[in-house]
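The values are calculated or read from the model by the stated rules, or taken from the named source; none is laboratory data. Being a predicted model, the structure only gives us computed values, none of them experimental. Glycine also receives a Cβ, built like all others from the backbone with ideal geometry; neighbour counts cover every protein chain displayed. With ligands, DNA and RNA removed, areas are computed over all heavy atoms of the protein, side chains included. Shrake-Rupley method; radii C 1.70, N 1.55, O 1.52, S 1.80 Å.
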Amino acid sequence: DEHDTGIMITIDEVHARGARDDVAQLAAVVQHAFREDRPVAFAAAGLPAAVQDLLTADVSTFLRRARRFVLEPLSPVAAEEALRVPIIEAGRQVGPDEVARMAEATYGYPYLVQVVGDRAWRQDPSSEAITADHVARGIDDAVREAGFALHEPAVNDLSDTDRKFLAAMAVDTTGESAISDIEARLDRDHGY
């Protein structure tokens, strides 16, 4: 009170299974502080599916009423800037073709912007410029890391049936999968 300040509590990487009880307990404390008109702010971040899973669990209704923001992928221009600016500010060079290729490989996903940029940078840190070869190898490294860090954990908990369903969807390399196509590939009816 004497400094006219408050506290902001932040949680990143909210994952439903591991954090559900802790987040629910913290939410109850924060809700109590709000009721007492305490100078408290609370923000949590996580992948949309994990956040939704947490909100549908038996947690405080306070969390369900909280304001939610879904961050959309970066535009190609924003992804290019997010890659180019740190490279230039750190004293290295990178051409527009290399920046465009890195940005394209990220699909606008901020985590991939960080990983692709980092892996391209690390190919030869002593080089004055990040070359097309650095970019190609950096993208390959980033894709492997994303598979390990993002995709593998996402499918680890899936049942065999869910995995078969995803494999049937993976045949469709462009656009959305049609349920009728999935049914045919799995040799199952719509009820399945």
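Being acidic (Asp, Glu), modelled with pLDDT of 90 or more, over 25 Å from Leu71 (Cα atoms) and open to solvent by less than 50 Å² (accessible area, probe 1.4 Å), is that true of even one residue in the stretch 114-137? The answer is no; no qualifying residue exists.
Taking Val99, is it farther than 25 Å from Val51 by Cβ and either buried (at least 17 other Cβ atoms within 10 Å of the Cβ) or within 18 Å of the chain's Cα centre (by Cα) (or both)? So Val99 fits the description; yes. Take the residues of the stretch 171-182 that are open to solvent by less than 70 Å² (accessible area, probe 1.4 Å) and not hydroxyl-bearing (Ser, Thr, Tyr): which is farthest from Glu13 (Cα to Cα)? Here the residue is Asp181. Name the single residue, out of those in the stretch 41-63 being over 17 Å from Thr10 (Cα atoms) and open to solvent by 50 Å² or more (accessible area, probe 1.4 Å), that is modelled with the lowest pLDDT. Here the answer is Asp58.
Collect the residues in the stretch 64-84 that are at pLDDT below 95 and either buried (at least 18 other Cβ atoms within 10 Å of the Cβ) or not in a loop (DSSP other than H, G, I, E, B) (or both), keeping them in residue-number order. Correct list: Arg64, Arg65. Just to verify a result, which residue in the stretch 86-129, among those that are outside any helix (DSSP H, G or I) and small (Gly, Ala, Ser), is nearest to Leu47 (Cα to Cα)? Filtering first and then ranking leaves Gly108.
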